[in-house]
Structure formats: C-alpha cells, structure tokens
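Accompanying notes for the structure given below.
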Ligand SMILES: [Zn+2]
C-alpha cells in the first residue's frame, strides 16, 4: 500500500509523510487504498503480526508490542438472549483502545514523530500513554478534570504528561488541538491509523466464529472508534468475498448524550451536564466522524439504541453475576439488549464487544451499586 490519505468530504489527497491529522477543509482523513484480506496471510499470535497484511504499517515485524494475545469470545446470556461477548478489556491497558493505539503509535514511530498530543475521557488516553511509553514517544494527554481518578492515575503513571482541563470533552479537544500546533495530534477520534487498529477485533471475532458472520453487534458509541473499526473490517471482508451480508451494527448511546439520534432527528445535541456521566466513555457531544457512524449504522441495517443509567447498572450487575466485571460504558451495550429481548431469536448470533475493564471504574461502581 502507498499510504496516501484521502479526505472523504472534498477528495484532497496527502502523502503519509505529510503527517497531517485532518484535511485543510476541516474533515477527517481516511486511507485511500483499501486492503484485500486473505485469511491465508493471517499468521502469528497477536494482532499486529497476525493481521499485518491488512494494517497500514511499513515494517510490522519491527513494531513495538506487548505480545497482545487474542481476547476470548465468551458465551453469556442476557434477558434470555444468548450472546458472545468479546472480552477486549483483557488487553494490556484494560480496554479495546489498545488495538487502535498499537497501530497509531507504531505509525507515529515509523513517521519519526517523537511528541504527540491526545485528548480522551480515559481509555484511549491510557492506551496511547502505554504504547507511547513502549515506543519512547513523549505523550501529552488532555483529560477532563472530573474524570475517574483510576484512569487519570493510570495515564500519569505510564509517564505521560497529563493536562487536566476543567470543562467537558469539547473543551479538552480544543485545548489539545491548540497544543498540537507544535507536535502531532494523535487523536483517536480523527486518526485513520487508529481505526485500522480497532478493526482487528472483527477479524479476530470472524476467525473465532469460523468465518460465519454475527447477525447483530451491539457497540457503545462515543467517538465511534470501535464501531467504525468494525465497519472498516467488514467492508474489507465483503469486498474480498469473505462475508455475504453485513451484521447489523447497533450504536448504543447513553440517554445523557445522543448525538447520533439527534442528528437523525435534525436536533442539536444539548450541552452535557456538569456532573460526571455514568457511561463517561460515550459522552461525546460532537463525534468527529459522525457522518461515517450514521452511514455505517444505515448501510449495515442497524439502528441507534438509547439506554438509561438504571439499565446500565442492571446490565453491569447481570454481567458480574456471570463473573464478568466491566465498566459502565461497556455495560451500556448489555443494557441495550433489554430493548431487543423480544426481537432477537436464539439464532441471531449476537456479539457484544466489552470495551473496558471494571477495575478502571471500581469507585464509581461502588457508588452506583452500593457494593462494599
Ligand atoms: Zn477535505
């Protein structure tokens, strides 16, 4: 692959060595050249090696890596629906964001970038900080001051420079963009390499399901990095004839922040409340790739699902009773199943990627469940 980046809005193209993070028209950028997956090329124990033939790295053999192992696809049941959960919270920093950070930071390394700026509510900050530590890259992370302390501690302990911003995620993003004028804005929300990392989850799922595609996938959506990664992978597979039909992608949002639904209804998403939001990982008022999220949901035949805090708590407890401890943002996807219990059958092959570990949010979980 030649690595050219293309703007989906205006068609402008940039060689990868230009090291731009968005188009001059303001849009996000994508990789121009699509990959053609061939399962015969999938070799090696961890995703950077195993899926290197569909990753935008020039030298995957020399990529820095924690030796990431394949995460389990584990059978559970919620609201009488049999579900396969993809336990991506078992990656090194405790969330699926490791997939995106692994590819994005290795790309930064290949491009000779030594200093990056990222803004995040937590999980991507931790993943970027950890892979930056591994790659010897100086990471500056902008986070909302009101974030979970466990995530803040994790980021700073990896050695990243933490910039706590009062205000919400939008304020953080603005501060990070300003700081990025003198370094590279490695924002998971904008970065095309990040999405090629998060797409590896659907390759793993397909291999684990013996290339029989799931019927429906419920995904918590904030910036949409997981949903868009999965969509990117599915499109590659369909183009290569590896699947006939797309799984339905169900975009799950918290009742406190529903930009996808609002856009479809022609409504403006109101300011977020000042108090911390239970599903903080998906409280993104202006997703940078909103139009791509809408397109993925529509083209896959999926839908948008809005869940309440009470349902999130219930989902979290139902999972814990089966031995799985996840953070509230992950439990939002479980909560969404409740609304579909009478519309899904046992043959629907439902998959729920579990995005973040419960240990990242124990103090919050103690508050909401009254656990001692
Ligand atoms: Zn453009």
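The residues in the stretch 53-70 that are outside any loop (DSSP other than H, G, I, E, B) and surrounded by 21 or more Cβ atoms within 10 Å (Cβ to Cβ) can be counted, and the count is 1.
Name the one entry in 319, 361, 288, 335 that is part of a helix (DSSP H, G or I), in contact (Cβ under 8 Å) with a residue 24 or more places away in the chain and more than 15 Å from residue 89 (Cβ to Cβ). So that I can check it myself, show each step before the final result.
Details: 319 fails: more than 15 Å from residue 89 (Cβ to Cβ); 361 fails: more than 15 Å from residue 89 (Cβ to Cβ); 288 fails: part of a helix (DSSP H, G or I).
Being part of a helix (DSSP H, G or I), in contact (Cβ under 8 Å) with a residue 24 or more places away in the chain and more than 15 Å from residue 89 (Cβ to Cβ) holds for just one of 319, 361, 288, 335, which is 335.
Within the stretch 138-167, take every residue that is assigned to a loop (DSSP other than H, G, I, E, B) and in contact with a strand residue (DSSP E or B) (Cβ under 6 Å, 6 or more places away or on another chain) and give me the one that is nearest to residue 277 (Cα to Cα).
Of the stretch 138-167, the ones assigned to a loop (DSSP other than H, G, I, E, B) are 145-148, 158-160, 166-167.
Then drop every residue that is not in contact with a strand residue (DSSP E or B) (Cβ under 6 Å, 6 or more places away or on another chain), which leaves 145, 160.
Numbers: 145: 13, 160: 25 Å.
Restricting to residues being assigned to a loop (DSSP other than H, G, I, E, B) and in contact with a strand residue (DSSP E or B) (Cβ under 6 Å, 6 or more places away or on another chain), the top hit is 145.
Among the residues making up the stretch 16-47, those that are within 23 Å of residue 108 (Cβ to Cβ), away from the ligand (no atom under 15 Å from the Cβ) and either in contact with a strand residue (DSSP E or B) (Cβ under 7 Å, 6 or more places away or on another chain) or assigned to a loop (DSSP other than H, G, I, E, B) (or both) are 16, 19, 33, 34, 35, 44, 46.
Among the numbered conditions (1) within 16 Å of the ligand (Cβ to nearest atom); (2) touching a strand residue (DSSP E or B) at 6+ places or on another chain (Cβ under 6 Å), the only one that residue 83 does not meet is (1). Consider the stretch 87-104 and keep the residues that are in contact with a helix residue (DSSP H, G or I) (Cβ under 6 Å, 6 or more places away or on another chain) and not in a helix (DSSP H, G or I). The one that is surrounded by the fewest Cβ atoms within 10 Å (Cβ to Cβ) is 92.
Scanning the stretch 209-245 for residues being over 19 Å from the mean Cα position of the chain (by Cα) and outside any helix (DSSP H, G or I) gives a total of 12. Checking each residue in the stretch 1-15 for being within 16 Å of the ligand (Cβ to nearest atom) and either in contact (Cβ under 8 Å) with a residue 40 or more places away in the chain or within 18 Å of residue 237 (Cα to Cα) (or both) picks out 5, 8. Assess whether residue 73 counts as being under 21 Å from the mean Cα position of the chain (by Cα), within 16 Å of the ligand (Cβ to nearest atom) and surrounded by fewer than 20 Cβ atoms within 10 Å (Cβ to Cβ). Taking the combined requirement at face value, the residue does not satisfy it.
The single condition from (1) without any contact (Cβ under 8 Å) to a residue 24 or more places away in the chain; (2) buried (at least 22 other Cβ atoms within 10 Å of the Cβ) that residue 166 fails is (2).
Readers should treat all values here as calculations from the given coordinates under stated rules, not as data from a laboratory. Keep in mind that what you see is a predicted model, and the values were worked out from it rather than measured. Note that we place each Cβ from the backbone using ideal geometry, even for glycine, and neighbour counts take in every protein chain shown.
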